[in-house]
Amino acid sequence: MRTITLDVNGSRFELQVQETAALAEVLREDLGLTGTKIMCNDGECGACTVLIDGRPMLSCMILATDAEGTDILTIEGLADPVTGNLHPIQQAFVEKSGMQCGVCTPGMILSAKALLDENHDPTEQDVREALAGNLCRCGNYRRIAECVLAAAGMMNGGAT
Ligand code: FES
Ligand code: FES
């Protein structure tokens, strides 16, 4: 076991982890952040995507010990911490049926956030490319892309 410090969703946690523990496992089991999903546990599906220093990363493929010193954002950290209001991407997923079973949803939303943080006016192709590493076993890709485009519109001050 090793004692590490992780910065997650703006809070600092000190915890003891197995040296071989994946970040996804530690987020879910030690910190109770079960919004991070584990589907393939093999780097193939994107369900475990979190943002590390603003970039989408597969948390099932990263050792928790290697995440020390980074800024980790999970789906639980996306809503406004003061008002509790959902992030526009979350809002769009709710309003426009962006989820079916929901297993891919947190990873999709975080990958979309990374895109919209860099590109405020993406095309559908931009969205599809940014989310290419996130698989949806329900096949809801068309609606997911619509949600991300609607969120971009909301973030630019337009209606959905
Ligand atoms: S659970 Fe990590 S990529 Fe599938
Ligand atoms: S909504 Fe079920 S996996 Fe995407």
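The values are calculated or read from the model by the stated rules, or taken from the named source; none is laboratory data. All values reported here derive from a predicted model rather than from experimental measurement. Positions of Cβ are generated from backbone atoms using ideal geometry, with glycine treated the same way; all protein chains shown enter the neighbour counts. Side chains included, ligands, DNA and RNA excluded: accessible areas come from the protein's heavy atoms. Shrake-Rupley method; radii C 1.70, N 1.55, O 1.52, S 1.80 Å.
Quick notes on this structure:
- Against the numbered list (1) in a helix (DSSP H, G or I); (2) out of contact with any strand residue (DSSP E or B) (no Cβ under 7 Å at 6 or more places or on another chain); (3) closer than 20 Å to Glu44 by Cβ; (4) within 13 Å of ligand 2 (Cβ to nearest atom), Cys147 comes up short only at (3).
- Residue within the range 116-125 that is under 17 Å from Ala150 (Cα atoms) and in contact (Cβ under 8 Å) with a residue 60 or more places away in the chain present: yes
- Taken over the range 77-96, the residue count meeting the criterion of being among the charged types (D, E, K, R) and in contact with a helix residue (DSSP H, G or I) (Cβ under 9 Å, 6 or more places away or on another chain) is 2.
Let's see how each residue does on (1) modelled with pLDDT of 95 or more; (2) more than 14 Å from ligand 2 (Cβ to nearest atom); (3) assigned by TED's automatic domain parsing to the domain that holds Leu27; (4) out of contact with any Cys (no Cβ under 8 Å at 6 or more places or on another chain):
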| position | (1), (2), (3), (4) |
| --- | --- |
| Leu73 | yes, yes, yes, yes |
| Asp121 | yes, yes, no, yes |
| Leu131 | yes, no, no, yes |
| Leu135 | yes, no, no, no |
| Gly139 | yes, no, no, yes |
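- Qualifying residue in the range 68-77 (condition: polar (S, T, N, Q) and in contact (Cβ under 8 Å) with a residue 40 or more places away in the chain): yes
- Test: Arg142 is surrounded by fewer than 15 Cβ atoms within 10 Å (Cβ to Cβ), more than 16 Å from ligand 1 (Cβ to nearest atom), part of a helix (DSSP H, G or I) and among the basic types (Lys, Arg): yes
- A Cβ distance below 6 Å, combined with a sequence gap of six or more or placement on separate chains, defines the contacts here; from the range 8-35, residues that are part of a loop (DSSP other than H, G, I, E, B) reach residues that are loosely packed, with under 13 Cβ neighbours inside 10 Å in the pairs Glu19/Arg2.
- Restricting attention to the range 81-127, the residues that are of a type in the set (Gly, Ala, Ser), under 21 Å from Arg137 (Cα atoms) and within 13 Å of the chain's Cα centre (by Cα) total 4.
- Residues that are open to solvent by less than 30 Å² (accessible area, probe 1.4 Å), away from ligand 1 (no atom under 11 Å from the Cβ), within 22 Å of Arg2 (Cβ to Cβ) and part of a loop (DSSP other than H, G, I, E, B), drawn from the range 58-80: Thr70, Thr74
- Restricting the range 88-126 to residues that are closer than 13 Å to Gly35 by Cβ and not in a helix (DSSP H, G or I) leaves a set whose member that is most open to solvent (accessible area, probe 1.4 Å) is Met99.
- Boolean, Arg55 is within 16 Å of ligand 1 (Cβ to nearest atom), of a type outside the set (A, V, I, L, M, F, W, C) and out of contact with any Lys or Arg (no Cβ under 7 Å at 6 or more places or on another chain): yes
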